[in-house]
Amino acid sequence: MGVATAPSGAGPAGGRTGTHPASGRDPVPGPDPLSGLDPTHGPETAVGPDPTHGPETPAGPGAAADPGPATRPDHTHWLRAAREIAEDLATDAVTREQAGKTPFDEVSRLREAGLLTLLVPAAAGGAGADWTTAYAVVREISAADGAIGQLLGCHYFLSWSALTFADSARATETVQRSARKPLLWGGGLARQEPPLRLTRKAGGYVLEGRQSYATGVLVADRLAVRGERADTGEPFAVVVDAAHPGVRIESDSDAFGQRLAAGGSVDFDAVPIAAGSVLGSLSADEDVLSPKTAFTSPVGRLLSAHLLLGIAEGVLTEVREYSRAGHSLWHPAWPVGSPSDPRILTLHGELTVLTRSAAALTEQAVRAVHGGLARGEDLSYDEYAEISVLVAMAEAAVSRAAQESTTRALEVIGARSASSRLGFDRFWRNVRAHTLYEPVGHRLRDVGDYFLNGAHPPFVLPV
């Protein structure tokens, strides 16, 4: 799925190992030698506009007044809101997943909690939060329901990317419209074959073709997709009203995992596209792609790491609580509430170390991404490459931890975990379905090429 690489520059720098806080959630800021940036100038200490939620968006007609940093809900508020929703989702996660209904109710919960406008600038009526908060929210939701975590993460990336690829005027109009309802975004900007075709016509364009599996399309208000100009082949980010009569959406109801992510395939039958809805180029050509634009790749890919990390943490938590309430599989005489089988203790310890190690690397990547976003137009290709490789390392570590944890954690419970009534299999199915679309092999290849040859990772947008 990769395309051309950014210009090659300096080779790899050294790295360090991050730490995982006792809470298992919030990243701990500190200097990051791998990225060469100081991420301590994060959300709590940054001076001036926060670079992590797109371009400056002045208030316009209908835009809500910014209450100011002193009264605006902070990271703690949004994490608490996410945990409340996660607890709510966890109560009926098994029955909802097995029913496989389109997640309109779940989207309503996210909208009512204000999470859909989390990354929208406060001046445009949003929460004005940053990516550090958005990642934490996705991780929290995914621990209870990985499919809803994917749905929300996709919304964050696509709505934010639309602002990133658009010029200032289009970004302002797009963000204000999105915040007003607020709108849910679905679709995908990754390269696919055959591509959607964008043909020029008087006053705009016409979009035709079929978008294969895309997240959130069954419940989305807006679709963000990749369309290639029929005359030049240059790819562009295109925004489409999901309710247009030329848009036909089919459910991927036979998927064995991530069934509540509202995924489907979309047919675009000569859908008229206004010039203002063609936001910007997705070309990887070095004459078009700036380091700042290329940075959308690691920003989006880090969402995948948080999704999988949340699922891994979720299965370990659920298995722990269940095992504490029952007898040991191997020694029924051992007391309830105190698993004592040495093999089970060793296994749970191994999976915990694996997951927390991946979490520490992921949190290091979060700090590096925050620092890269703060650099803005001053970001260099070498800095982009270093941070992108760190994100790839986090993706690889979390992918392994999630697949191992969701598979082997069932051994803690034993044969009882095979019961569909308990629903422990949903964690593995969700992880496996996601990793099939985001294979870790590509990330490992990029890491190896960077550290051995100094090659910059390709500009690849997440599926």
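Just a few scattered comments:
- For the stretch 108-222, the gyration tensor built on C-alpha atoms gives an oblate shape. Its axis ratio a/c (a ≥ b ≥ c) is at least 1.5, and a/b is not larger than b/c.
- Note on exposure: ASP378, ASP254 ranked by accessible area (1.4 Å probe, complete protein assembly) read ASP254, ASP378, with the most exposed listed first.
- Once both labels are positioned 7 Å from their Cα atoms along Cα-to-Cβ, the gap between SER108 and THR71 label points is 3.0 nm.
- Shape call, the stretch 159-306: gyration tensor on alpha carbons, a/c limit 1.5: rounded
- Bridging of LYS181 to aspartates and glutamates at a Cα separation below 18 Å is possible for ASP66, ASP105, GLU106, GLU112, GLU173, ASP221, ASP241, once same-chain residues fewer than 8 apart are set aside.
- From most to least packed by mean Cβ count within 10 Å, the peptides 89-97, 243-251 give 89-97, 243-251.
- With all protein chains kept in place, the per residue accessible area of the stretch 356-419 amounts to 30 square angstrom at a probe of 1.4 angstrom.
- 16 Å reach of a label modelled at THR199, 7 Å along Cα-to-Cβ, counting backbone N of the stretch 217-231: 227-231
- Inter-label distance for ALA418 and ALA255, nm, one decimal - labels placed 7 Å from Cα along Cα-to-Cβ: 2.8
- Averaged over its residues, the stretch 143-188 has an accessible area of 26 Å² per residue, based on protein heavy atoms and a 1.4 Å probe.
- FRET efficiency for LEU452 and THR346, using Cβ-Cβ distance with R0 set to 45 Å, rounded to 0.05: 0.80
- Whole-Å distance, taken between Cα centres, linking the stretch 401-463 and the stretch 90-104: 22
The values are calculated or read from the model by the stated rules, or taken from the named source; none is laboratory data. For clarity, every value in this text was computed on a predicted model and none was experimentally measured. With ideal geometry, Cβ positions are generated from the backbone for all residues, glycine too; neighbour counts draw on all protein chains shown. Just the protein is used for accessible areas: all its heavy atoms, side chains included, with ligands, DNA and RNA removed. Shrake-Rupley method; radii C 1.70, N 1.55, O 1.52, S 1.80 Å.
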